[in-house]
Amino acid sequence: MLISLKDHLVKTTALGLMLGSTIMMSPAKAETSLEGNIGFTNNYVWRGMTQTDDQAAISGGLDFAAGGFYIGTWASNVDFGDDTSSEQDIYFGYAGDAGSLSYDVGYIAYLYSGGDDLDFSEVYVSVGANGFSLTYSYLVDSDYDADSGDETYLALDYELPLSGDFGVSLHYGIYDKDSVADEQIDYNVTISKGDFALTFSQADDEFFPGSDSDMKAFVSYGISF
């Protein structure tokens, strides 16, 4: 499902903004649907941090929805400078509308192939209205040294459809880890045209001292079937 920047996704990537492959599905519908998607980007960036060492990524996902409930999976190559080769996300939840307010509540597990003690899971809740959405993610479990609630992520997004199949999305996120003294802030601007998106993203480097905190610009393309 190509979402043309209409819904914020917990996985804050240009691919995620273009594809309904992770979190924040469409409002509840009576009918069932099964949809797949595939995406390409020259840099997979999640919460302001590259997941591919600033290199390209190919991703794909599959989603099933029925009456507001949904379940799906999404996968991409990654590069953390070790033996980790891929990420697979599994998620489920319920999304709908209450008057002019949209909402989404769910669970997502991030699973990594080849790496050691990297897997983790979160629950999330998102509400949206008038182009704005607010999403809160809460760590449930992890294979690394973090307990439930030790990490949270709060994201505020605004999406503005424009004429001619253009769209603009603004994002601001706060990633809080108990193991790190300061919060990490990330923000981005995405300009979309049809199936293409251009994103300018930046994050401070509190989590990874010495890492590259320069602004990243990357292009993404996504299709659904």
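The values are calculated or read from the model by the stated rules, or taken from the named source; none is laboratory data. Worth saying up front: this structure is predicted, and the values here are computed from it rather than measured. We place every Cβ from the backbone using ideal geometry, glycine too, and count neighbours over all the protein chains shown. Only protein heavy atoms, including side chains, enter the accessible area calculation; ligands, DNA and RNA are left aside. Shrake-Rupley method; radii C 1.70, N 1.55, O 1.52, S 1.80 Å.
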Q: For PHE166, tell me the accessible area in Å² from a 1.4 Å probe, rounded to the nearest 10.
A: 100 Å²
Q.
Explain nothing, just the number: relative contact order of segment 135-225, from Cα pairs under 8 Å at least 6 residues apart, as a whole percent.
A. 18 percent
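Kindly identify segment 65-166 as rounded, prolate or oblate by the Cα gyration tensor criterion: order the square roots of the eigenvalues as a ≥ b ≥ c, call it rounded if a/c is under 1.5, otherwise compare a/b with b/c, prolate if a/b is larger, else oblate.
Numbers: a/c = 2.03, a/b = 1.67, b/c = 1.22.
Prolate shape, in that a/c is at least 1.5 and a/b is the bigger ratio.
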Q: May I ask you to compute the full-extension gain from LEU34 to GLN202, defined as 0.36 nm times their residue separation minus their alpha-carbon distance, rounded to one decimal in nm?
A: 57.0 nm
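Sum up the charges of everything whose Cβ sits under 15 Å from the Cβ of GLY164, counting Lys and Arg as +1 and Asp and Glu as -1, but leave GLY164 out. Walk me through the numbers before you get to the answer.
Numbers: positive: LYS193; negative: ASP165, ASP195.
My count for the surroundings of GLY164 gives -1.
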Q. Out of residues 5 or more away from TRP46 or on other chains, whose amide H comes under 5 Å of its own, with H placed 1.01 Å from N in the peptide plane?
A. GLN51
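How long is the gain from SER213 to THR152 if the chain were fully straight, where each residue apart is worth 0.36 nm and the alpha carbon distance is subtracted? Walk me through the numbers before you get to the answer.
Details: separation 61, 0.36 × 61 = 21.96 nm, distance 2.10 nm.
Computed gain between SER213 and THR152 is 19.9 nm.
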Q: Can you tell me the relative contact order of segment 50-180? Whole percent, Cα pairs under 8 Å, sequence separation 6 or more.
A: 13 percent
Q: Please express the Cα-Cα pair-distance distribution P(r) of segment 32-224 as a list of whole percents, one per 10 Å bin, running from 0 to the bin with the greatest distance.
A: 9, 30, 45, 16, 2
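Just to confirm a number: summing +1 for Lys and Arg and -1 for Asp and Glu over residues other than THR73 whose beta-carbon lies under 10 angstrom from that of THR73, what do you get? Don't skip to the end; give the middle numbers.
Details: positive: none; negative: ASP63, ASP89.
Neighbourhood net charge equals -2.
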(Q) Please compute the modelled spin-label separation between ASP182 and ALA129, points set 7 Å along Cα→Cβ, answer in nm with one decimal. (A) 3.5 nm
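Which net charge results for the neighbourhood of ALA109, defined as the other residues with beta-carbon distances under 9 angstrom from its beta-carbon, given Lys and Arg at +1 and Asp and Glu at -1?
On the way: positive: none; negative: ASP89, ASP119, GLU122, ASP141.
After counting each charged neighbour, the total is -4.
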Q. What are the ³J(HN,Hα) values, in whole Hz, obtained from phi via the Karplus relation 6.51 cos²θ - 1.76 cosθ + 1.60 with θ = phi - 60°, for each residue of segment 147-153 in sequence order, with x given for Gly and Pro?
A. 9, 4, x, 6, 9, 9, 9
